[in-house]
Amino acid sequence: MVATTQSPFASNFSVSTGRSAQQHLQDKVIEAAKEKVSGTVLSLSEIAFLIGFEHSQSFSRLFKLKTNFTPSEYRATLK
């Protein structure tokens, strides 16, 4: 097995925040997505594209993982 090490940035970020940079970025993406889902009438595919996803399925999967709701379910709870 080949040993791998974190970059200094990743290591320092984890030590400073207690979270990985990836977790932090995903949380920021989901915050932006929640604002768009709740504050616009854009389709979920449009929102996925606007926040950087090439495929809306990937967006929906991450959204569900982070919020326990699909984007559609989340939008429905706000009505």
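Assorted remarks:
- Tally, over segment 39-59, of residues that are small (Gly, Ala, Ser), loosely packed, with under 15 Cβ neighbours inside 10 Å and within 15 Å of Val29 (Cβ to Cβ): 2
- Any helices (runs of 4 or more DSSP H) falling wholly within segment 17-79 and containing at least 1 residues that are in contact with a Lys or Arg (Cβ under 8 Å, 6 or more places away or on another chain) and under 30 Å from Ser7 (Cα atoms): 21-39, 44-50, 56-67
- Within the set Leu78, Leu62, the sole residue that is touching a residue at least 24 places away in the same chain (Cβ under 8 Å), surrounded by fewer than 13 Cβ atoms within 10 Å (Cβ to Cβ) and aliphatic (A, V, I, L, M) turns out to be Leu78.
- Subset of segment 1-44 (residues that are of a type outside the set (Val, Ile, Thr) and under 19 Å from Thr77 (Cα atoms)): Glu31, Ala32, Ala33, Lys34, Glu35, Lys36, Ser38, Gly39, Leu42, Ser43, Leu44
- Residues of segment 23-55 that are more than 12 Å from the chain's Cα centre (by Cα) and of a type in the set (S, T, N, Q): Ser38, Thr40, Ser43, Ser45.
A short reminder: the numbers here are calculations on the coordinates, not readings from a lab. In this text, all values refer to a predicted model and were calculated from it rather than measured experimentally. Cβ: placed from backbone, ideal geometry, glycine included. Neighbour counts: every protein chain shown.
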